[in-house]
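Please read the structure below before turning to the comments.
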Amino acid sequence: MTIRPLVILPDPKLRLVSEPVATITDEIRKLADDMLETMYDAPGVGLAAIQIGVPLRVVTMDVSKTENEHQPMVLINPEIVWASDEKRVYEEGCLSIPEYYEEVERPDRVRFRYMSLQGETIEQEAAELMATCVQHEIDHLNGILFIDYLSKLKRDRVVTKFKKAAKREVGGA
Ligand code: K1U
Ligand code: ZN
């Protein structure tokens, strides 16, 4: 397993729409392993493949509550099949926008479908952090970031901040 570098705002890769996975190959299994390793190292509760630069519809998540009890999930081609009318506000973060947190309103509960690494189709209902996380990750697969739900003022501010940081890095300052 390899910890891969994270793609950080304003990298345009974050705006790509990821391609569905056609077949579960050894390459996909290795990608999922590396994503879990990268997610736990960050640390994060979710990761989409594009966040390590791979434009495929693969997501990893672990929303388990205890530190010593990992519950890793690998979602291939995940999709939301139902969302509740009730909404909930959750303070979100993003490994591609480090150290920036804002409240985002999303459906409180969702039902989602995905393929497991074993090739089974699974449908599952989620609430609380899992519901927020799976919506955030599926957004990544469609090139959407949580800052897109904020006011233009807040979004422009954070994008400008990360653009300046990226420029400083290129300049070596
Ligand atoms: O997709 C990502 O950028 C990962 C992101 C997922 C997420 C978190 C919270 C709400 C919505 C989506 C993160 O994991 S950010 C880090 C984080 O929230 C966290 C890290 C360690 C322990 C608990 C939470
Ligand atoms: Zn994110």
- prompt: Under 15 Å Cα-Cα from LYS167, which aspartates and glutamates qualify once same-chain neighbours fewer than 8 residues away are excluded?
  reply: ASP11
query: Where in region 77-123 are there GluC sites (Glu not before Pro) that are in a DSSP coil and have at most 12 other Cβ atoms within 10 angstrom of their Cβ?
result: GLU86, GLU99, GLU120
query: Under 17 Å Cα-Cα from LYS164, which lysines qualify once same-chain neighbours fewer than 8 residues away are excluded?
result: LYS154
- prompt: Are there trypsin sites (Lys or Arg not before Pro) in region 23-101 that DSSP puts in a loop and that have at most 15 other Cβ atoms within 10 Å, and which ones?
  reply: LYS65
- prompt: Over all pairs of distinct alpha carbons, what does the Kirkwood formula give as the hydrodynamic radius of region 45-150, in Å?
  reply: 14.1
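Every number in this text was worked out from the coordinates using simple rules, so none of it is lab data. All values reported here derive from a predicted model rather than from experimental measurement. For neighbour counting, all protein chains shown are included, and Cβ atoms are generated from backbone atoms with ideal geometry for every residue, glycine included.
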